[in-house]
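Computed from the coordinates by the stated procedures, all read-outs in this text should not be read as laboratory data. Predicted model only: the values in this text are computed from it and were never measured. Backbone-built Cβ (ideal geometry, glycine too); neighbour counts: all protein chains shown.
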Amino acid sequence: MATKKLVTYERLGCDASILIDSIKNKPSEKSAGPNLTVRGFEIIDEAKRRLEAACPSTISCADIITVATRDSVALAGGPNYAIPTGRRDGLVSNPNDVNLPGPSSSVSSAFQAFKAKGLTLNEMVTLLGAHTVGFTHCSFFQDRLSNFQGTGASDPSMDPGLVSNLTKICGTGSDPKTFLDQNTSFVFDNEYYNQLKLKKGILQIDQELASDRTTAGLVSGFSSSRIRFDQSFASAIVRMASIKVLVGNAGEIRKNCRAFNPRKRTVVSSRIPQRKSSPRTPKIKNSSRTAAPGKKRKNPPRIPILF
Ligand code: HEM
């Protein structure tokens, strides 16, 4: 499910910019605070390695993330949805562009971030249902366990039994982890919403969905109907995966998901006489990747393909 979180943080622009490694003097999105705990990069690398071997420069890293997410949701028992492909990879990865809500955000401020990308409140509540699987580090919710907002007590919206379990877990080691859904932790189901109703949401933003008057009804609806959640999730994630997608000639198909393709050098000084053919320049064969004389090279596919 690690790829799932990868997609989460790629969510507000599906161009695989989160996969780019930082290099000297050039930090990438990976180095931005909210992305530091994102994992699963090696799974994408392995898929890319195999795809490049079979079919070079054809499948983007952005599509790999999207399809890997679709598959990990289905493998964990969630809905199996069709998702359009044909995305291309972005040419920019800047940590200053990462502007995600935090785990203690209020519902309304988290919604502002989703709304800015064209997503609805219903879609936000649905997508947070992905917290039905995976882990969170204690540092993201520890403030709820004691002296919550300076009260000297734990967060009253958290079940006292859960407070005491989490206090034990978080008191050991350095920033341990716990399940986001304490009941069916490995199953992609609607149990997350039931847990919220039982005051067992781990992150503050999760728990607030159950009490905020704008979202409480949606939480109740999803907690009582797995089918409703599955359908809503499939449609919301397809919408999320279509945000800021690059197609046609925009962006590129990266060879390595962690680095932009090397830029081609095209500038030739007109003052230096050119030899007709240099012995060091290999002749380019007329392969399928090179347009035949008089024929226009085809653009990459624009029509989304449903996987
Ligand atoms: C308001 C929006 C959101 C906030 C504040 C938020 C926050 C967080 C935090 C703090 C963690 C724990 C990170 C860690 O300890 O490594 C987490 C994990 C996770 N999030 Fe979210 N999240 C949000 C939305 C989403 C969305 C929209 C999805 C997917 C559609 C998602 C999927 C996940 C998954 C699967 C994990 C578990 C990752 C793992 O096990 O490594 N989240 N989230």
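For region 45-153, dividing the convex hull volume of the Cα atoms by the residue count gives 172 Å³ per residue. Under 13 Å of direct C-alpha separation, and excluding same-chain neighbours fewer than eight residues apart, Lys197 reaches these aspartates and glutamates: Asp159, Asp181, Asp206, Glu208, Asp212. The Cα atoms of region 202-267 cover 62, 25, 19 Å along the three principal axes, with the biggest extent listed first. Please give the net charge around Ser28, taking every other residue with its beta carbon less than 11 angstrom from that of Ser28, where Lys and Arg add +1 and Asp and Glu add -1. With Lys, Arg at +1 and Asp, Glu at -1, the neighbours total 0. Summary of packing: across the peptides 36-43, 85-92, the per-residue average of other C-beta atoms within 10 Å ranks them, highest first, as 85-92, 36-43. Converting the Cα gyration tensor eigenvalues of region 93-185 into ellipsoid dimensions via √(5λ) gives semi-axes, longest first, of 26, 15, 15 Å.
Per-peptide packing, taken as the mean over residues of other Cβ atoms within 10 Å, places 187-196, 146-155 in the sequence 187-196, 146-155 from highest down. Working ranking of peptides 104-116, 15-27 by packing, defined as the average number of other Cβ atoms within 10 Å per residue, highest first, is 15-27, 104-116.
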